[in-house]
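Take a look at the structure below.
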Amino acid sequence: MIDGDPSSFSIAEADLPGYDTDDDHTFARAAGDYQAFGFFDTPDEAKEKLADWGYRGGYITGFNPPGLIAGVLEGEYFVDVELHLFDSFEHAHTAFEHFVTYRTGVDDVEYMDDLEAHGNEWAALKLVSGKVTNSDVDAVYHVYFFRRGNMVAIVQTRGAEPYMDDSAVADLAAIIDEKVLGTRDAVQPTPAGGIETPATITPTP
């Protein structure tokens, strides 16, 4: 059972040399904060299910690559992270399955079954959709979900399809899992935002 602050296990700038934290989309989420949750159709659905699953709160952040869009067109990528804690392994498993199923509802999503496994259970999805801003290059989104104990982690990369390595998102998930397991130093960051204006991962441009 994970009982600490989920931000302690998040990816940090020290793990991504050259990347900057997206302060406008970095938030702690309180146990009773159900607004703007990205895996439900309505706030009422989020409130009901998260309460049933014993939601204990979470942490959301993102990272901008060196050069921003120019960097993306050279192989860099944006990173989004969500960590969520629940009151039991069983409830975390239910949430994990719901989150994965919700994201597979997007057209043209592909499962990636050949990545490195992390956590007690995992799933990874790929979506090619739209173009990188101000270019004619296809944009690609990779999302890696995993559950470790009573925590569900979601990591997303957003990059240029011709230059992205499909395994990059699994490498980022490994950082989180290593912090949970204690094989990598876990340092709690200071959130730049607050729980009153939460952010969510978006699977499409």
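The values are calculated or read from the model by the stated rules, or taken from the named source; none is laboratory data. Here the structure is a predicted model, which means the values were calculated and not measured. Cβ placement follows ideal geometry from the backbone for every residue including glycine, while neighbour counts extend to all protein chains displayed. Remember, those area values only see protein heavy atoms, side chains included, never the ligands or the DNA or RNA. Shrake-Rupley method; radii C 1.70, N 1.55, O 1.52, S 1.80 Å.
See the values below:
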item: Backbone HN-Hα couplings from phi across segment 148-163 [Karplus 6.51/-1.76/1.60, Hz, Gly and Pro as x]; result: 10, x, 9, 10, 10, 10, 10, 10, 10, 10, 10, x, 8, 3, x, 10
item: Mean Cα-pair separation over length for the chain, i.e. relative contact order, pairs under 8 Å, 6 or more apart, %; result: 28 percent
item: Accessible solvent surface per residue of segment 51-196, calculated while the other protein chains remain in place, 1.4 angstrom probe, Å²; result: 43 Å²
item: Total formal charge among the other residues, if their Cβ is under 15 angstrom from that of H98, Lys/Arg +1 and Asp/Glu -1; result: -4
item: Isotropic mean projected area of the C-alpha convex hull, the chain (nm²); result: 10.5 nm²
item: Gap separating the Cα centres of segment 144-162 and segment 1-63, nearest whole Å; result: 13 Å
item: For S135, net neighbour charge (Lys/Arg +1, Asp/Glu -1) across residues whose Cβ lies under 14 Å away; result: -3
item: Net charge, P66 excluded, C-beta distance under 10 Å - Lys, Arg +1, Asp, Glu -1; result: -3
item: Portion, in percent, of the accessible area of segment 1-150 that falls on carbon or sulfur, probe 1.4 Å; result: 45 percent
item: DSSP-loop trypsin sites (Lys or Arg not before Pro) across segment 86-189, with at most 13 other Cβ within 10 angstrom; result: none
item: Estimated 222 nm signal from helices in the chain, with DSSP H stretches of n ≥ 4 weighted -39500 (n - 2.57), rounded to 500; result: -6500 deg cm²/dmol
